[in-house]
Amino acid sequence: MPQSRDALVNDFLQYQGGLLESKMTDVVAARTIREWISGERTECRRIFFVSNGADPSVLDGVIGGDDVVLLPLDCDWSTARAREVRYAGQLLDVGDELFINGRSVELQDYLSAGFVEIVGPTAVRFFDEAGWRAFFDDADLARQTGVFPAPLVDPRVVLADRNALDAERASAAPLAVRLDADGAIGLGMQGIILGHTDDLGSAINRLVSRAEAFTAAVPAAVVDDDLVSRPWLPRYLRAAELIKMLRIATGAIEIDGFGWSHVTDERADAEPLSSDPFLVNGSEGILFANVASRRRQLLTPLTADVVSILQTSSYIDLAHDRVAARHGTGRSTAANLCSNALELLSVNLGAQRIPEEAGLTGSVL
């Protein structure tokens, strides 16, 4: 498991500012709950959440050793086919709590999460279209000003089905499956009904789109439109993770692409890849920060220029021209600078913007 995810699990175990001492079983349980909520996966393939009153025996023929089953404490069914994690409580309505090994996770609505006191691990989801709209209003504001919403950058908060907002594939088989007491099979915490336990195999193997992870709250067409119009959203989510990683207040630094651009030569035609490291302007200077590896390094102004230009150029010749023009160098010198950055810093060329988006975001980048 990457170091960054272990650190986020530790953050998720945090309570009232103190890190609770945890046994390995607690870490596994916390990791499982975090992955169930977020939809992200590290060491397991699928997570099956068995609701109170549901019949888990139907899983016997479909689960395997790389799956995890979340079971109520008082459930007398058990399996050796997959890993088990026991829980009490529920995460259905605002204020609900789920308890695992004496620790709790509370559920809040995204719309109101910024107005309530976060005192421990908290799952935040969309309960209706108003919450969904608030999420995208916050994203648009962060894009223009660099100010991120407090719930999204709090280490104790996990956004439900975050992985669906960052999905690279248009559709895939479900990785988070919910068994309800009435026999319905649901997708994650807030997704569509996939089917019924009478036909469990078909339900858990059907292909689902990322929009279907939110249809309990938002029409699929609305989800698709909002995601398509904001191809930078995965980058926004990673920028929020970066703020968590740096453990600083939002607004204390500047993140390239969110209210601030290191290079503004009006020739940028691309967006940085969502997984690329970030340029961060802070008190130390310009940092190159990688969310995945949690590594940071201080860059010289020249190197920072080259990185920024590469990330916002869709083809290498454009990057060469922009570097040469900015520093008054020959094209061969600019090409060497770009080549070194691509090789040594693992930076990438950006993804070309669609014309409509270029018009909307040119002032940011």
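The values are calculated or read from the model by the stated rules, or taken from the named source; none is laboratory data. Computed from a predicted model, the values in this text were never measured in an experiment. With ideal geometry, Cβ positions are generated from the backbone for all residues, glycine too; neighbour counts draw on all protein chains shown. The accessibility values were calculated without ligands, DNA or RNA, using every heavy atom of the protein model including side chains. Shrake-Rupley method; radii C 1.70, N 1.55, O 1.52, S 1.80 Å.
Pick out, from region 98-215, the strands (runs of 3 or more DSSP E) lying fully within it that include 2 or more residues that are crowded, with 21+ Cβ neighbours inside 10 Å.
Per the criteria, 103-109, 122-125, 157-159, 176-179, 184-187.
Please go through (1) of a type in the set (D, E, K, R); (2) within 15 Å of LEU152 (Cβ to Cβ); (3) part of a strand (DSSP E or B) for ARG238 and return the number of the only condition it doesn't satisfy.
(3)
Name the one entry in ASN340, ASN348 that is modelled with pLDDT of 95 or more and closer than 26 Å to ALA142 by Cα.
ASN348
State which residue is farthest from GLU40 (Cα to Cα) when the search covers only region 221-233 and only residues that are part of a helix (DSSP H, G or I) and open to solvent by less than 40 Å² (accessible area, probe 1.4 Å).
That would be VAL222.
Residue-wise test of (1) in a loop (DSSP other than H, G, I, E, B); (2) surrounded by 15 or more Cβ atoms within 10 Å (Cβ to Cβ); (3) touching a residue at least 40 places away in the same chain (Cβ under 8 Å); (4) acidic (Asp, Glu).
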position: GLU266; (1), (2), (3), (4): yes, no, yes, yes
position: LEU273; (1), (2), (3), (4): yes, yes, yes, no
position: ASP276; (1), (2), (3), (4): yes, yes, yes, yes
position: VAL280; (1), (2), (3), (4): no, yes, no, no
position: ILE286; (1), (2), (3), (4): no, yes, no, no
position: ALA289; (1), (2), (3), (4): no, yes, yes, no
position: GLN297; (1), (2), (3), (4): no, no, no, no
position: ALA304; (1), (2), (3), (4): no, yes, yes, no
position: VAL307; (1), (2), (3), (4): no, yes, yes, no
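Would you be able to tell me the number of residues in region 2-53 that are of a type in the set (Val, Ile, Thr) and modelled with pLDDT of 85 or more?
Within region 2-53, residues that are of a type in the set (Val, Ile, Thr) and modelled with pLDDT of 85 or more number 5.
Is it the case that ALA270 is closer than 24 Å to ASP138 by Cβ and either modelled with pLDDT of 90 or more or of a type in the set (A, V, I, L, M) (or both)?
Values: closer than 24 Å to ASP138 by Cβ: no; either modelled with pLDDT of 90 or more or of a type in the set (A, V, I, L, M) (or both): yes.
It is false that ALA270 is closer than 24 Å to ASP138 by Cβ and either modelled with pLDDT of 90 or more or of a type in the set (A, V, I, L, M) (or both).
Are any residues in region 79-89 over 20 Å from VAL27 (Cα atoms) and open to solvent by 50 Å² or more (accessible area, probe 1.4 Å), and if so, which ones?
Selection gives ALA80, ARG81.
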